[in-house]
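Only the coordinates and a few stated rules stand behind these numbers; no lab work does. Note that the coordinates shown come from a computational prediction; the quantities given were computed from them, not determined experimentally. Neighbour counts are summed over all protein chains in view; Cβ atoms, including those assigned to glycine, are modelled from backbone coordinates with ideal geometry.
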Amino acid sequence: MVPINYLWRAARRFPERAAVIAPEGTLSFAALAELVQRRAAALTQRDPQPGGRVAIGAANSVDHLVALLAVLAAGKVWVPLNPRNGDPELRRIVEFVKPSLVLVDAPMRERLQGIEPPVLTLAGLAERAERSVLDAGPTEIAMGPHARLTAGLDSPQAIKFTGGTTGFPKGVIQTLRTWNTNIATQIHELGLTEADRYLVAAPITHGTSTYMLPLLGVGGALVFPAGAKPSYLLDAAQDHDCSLFFAPPTLIQALVEEQRGQPRRLASLRYLVYGGAPMRPEQIRDAQSVFGPVLCTSFGQTEAPQIITFLPPQEMHGERLQSVGRPTLLTQVAIVDRQGKPLPPGEEGEIAVRGDLVMGGYLDAPEETSKTLVDGWLRTGDAGVFDAQGFLYLRDRLRDVIITGGFNVYPSDVEVVLSAHPAVADCSVVGIPDAKWGEAVHAAVQWRAGMQASEDELIGLIKRELGSVKTPKQVHVFETLPRSPVGKVLKPAVRQAILDQQGAA
């Protein structure tokens with residue numbers, strides 16, 4: 001069993017049921033399967049070699065979804081390119097991963113002009129597929145002739161980049177086994193059935209990709225809204241009886257305000273899953289007061305996608321508002337000390353994860369892989385603690401990463417760009433608690449003697465290089481950055497100084 005088989009099985013069982021609902025029309029499972037097969041055949045004609053890498057850079061669309069499924073059906077490895085990343089970062093990823101083909105929408109085609117791998121638009125792939133002649137009969141199409149039926153489950157299914165691409169790219173290899181485990185986990189924990197409809201609110205390059213095959217696999221439907229604004233999302237949820245969707249806390253807060261101002265009928269909604277960043281208890285209670293008892297959360301990483309732990313709506317109350325739930329069906333979670341020794345409930349340590357949900361390693365990075373995968377355990381770099389009932393609470397991140405609006409920002413990425421400015425002698429990038437973003441990226445700089453630059457100039461530099469997500473909300477000037485006795489910049493002291501400035505203001 002490989003991940004794309006879930007689509008083929010659903011197409012046999014539910015050929016006439018709606019699989020994709022979008023403003024431009026509805027696709028049945030039979031129609032979706034045929035589109036996927038034709039585009040997989042077109043991909044195979046371009047590159048017959050199984051296991052080739054195909055990058056996709058595009059905003060959410062039905063064509064994006066079909067192209068991704070076609071990549072899986074053709075036995076290729078999917079490499080998502082997040083449109084919110086800066087152009088230099090996107091180009092570094094493409095250069096590092098060396099895909100045989102890059103599929104793009106029109107805006108991304110303009111941004112990736114001149115890259116070495118061949119580029120094909122999603123529309124171009126659709127046109128090539130329509131011109132192709134498939135010799136396969138109905139039975140072969142239903143079974144998926146391009147599926148990797150003989151591939152080992154430790155073969156790659158996707159390579160997702162999790163940060164560090166300014167210096168050393170960290171491409172997470174998610175295997176066929178990883179994807180299968182995520183699919184089974186989602187179906188079990190969420191109790192998915194053919195009646196479920198998932199609202200495509202999160203990007204396909206991120207959260208939506210992990211819900212895609214679990215929903216389709218049980219005969220459920222994916223609903224595409226007419227736009228990304230909260231009003232469009234809630235209209236689609238109402239009009240198509242959506243039962244669940246995933247969103248970062250920033251989007252959920254915007255949805256709360258929209259629903260409070262103009263209520264929609266959301267009787268079918270049973271799971272509003274937040275993840276990617278924490279929500280404060282008062283924000284959770286506010287969302288519950290507007291949407292009812294549907295809010296839930298999960299904990300996961302790109303290295304163990306989507307739900308390592310899950311906290312269902314009925315458990316989200318009292319002290320557990322700050323929990324991320326209990327370990328899911330096929331995943332083992334432990335709290336360990338610095339030596340990797342398991343700690344009992346109530347003692348804080350690093351969260352470690354074991355099971356088939358865990359990645360295969362980092363692409364071309366054996367040293368990084370060996371630091372993260374230790375004796376069969378994924379060392380997450382997150383600190384946490386279990387209570388006596390087995391609920392996990394996050395305490396802090398041991399790795400130096402900022403989670404803003406559900407996206408990971410590695411300070412080193414931003415610091416490398418800042419340091420390249422001739423006026424910057426030294427700098428430090430930290431996350432500051434923010435009511436909207438969960439954390440906001442802030443930069444602290446120390447000028448070279450006799451030099452300086454404007455905040456707009458520095459912010460513009462980072463935005464051009466890395467994109468808006470990684471751009472600091474504010475740049476703070478320090479006469480001298482706080483340092484340890486050996487000269488290392490002390491990020492906690494930088495963070496506290498910024499908080500003190502904000503408090504004084």
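Overview of results
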| quantity | calculated |
| --- | --- |
| Estimated [θ] at 222 nm from DSSP helical runs (n ≥ 4, -39500 (n - 2.57)) normalised by residues in the chain, nearest 500 | -10500 deg cm²/dmol |
| Longest segment of the chain lacking GluC sites (Glu not before Pro) that sit in a DSSP loop with at most 16 other Cβ atoms within 10 Å | 25-193 |
| Spacing of the two label points (7 Å from each Cα toward its C-beta) at ARG17 and ALA195, in nm | 1.2 nm |
| Cα-centre dipole for the stretch 5-290 with unit charges at Cβ (Lys and Arg positive, Asp and Glu negative), debye to 20 | 480 debye |
| Two-site FRET efficiency, LYS341 against VAL416, from Cβ-Cβ distance with R₀ of 35 Å, rounded to 0.05 | 0.45 |
| Charge dipole of the stretch 5-290 about the Cα centre (unit charges at C-beta), most positive-ward option of VAL54, PHE246, GLY25 | VAL54 |
| Two-site label geometry, TRP447 and GLN501: point separation in nm, points 7 Å out along Cα→Cβ | 1.4 nm |
| Net dipole in debye of the chain [+1 Lys, Arg Cβ; -1 Asp, Glu Cβ; about Cα centre; nearest 20] | 440 debye |
| Relative contact order (%) - criterion: Cα under 8 Å, at least six apart; region: the stretch 402-504 | 26 percent |
| Residue among ALA493, GLN474, GLY220 farthest towards the positive dipole end of the chain, charges placed on Cβ | GLY220 |
| Contact order relative to length of the chain, as percent, for alpha carbon pairs under 8 angstrom and 6 or more apart | 12 percent |
| Candidate aspartates and glutamates - alpha carbon under 19 Å from LYS229, same-chain residues fewer than 8 apart omitted | GLU24, ASP239, ASP241, GLU257, GLU258 |
| Over 28 Å (Cα to Cα) - which of LYS76/LYS470; LYS170/LYS470; LYS160/LYS470; LYS436/LYS463; LYS160/LYS473 fall in this group | LYS76/LYS470 |
| Cleavage-rule hits, trypsin sites (Lys or Arg not before Pro), the stretch 317-366, DSSP coil, Cβ neighbours within 10 Å at most 12 | ARG338 |
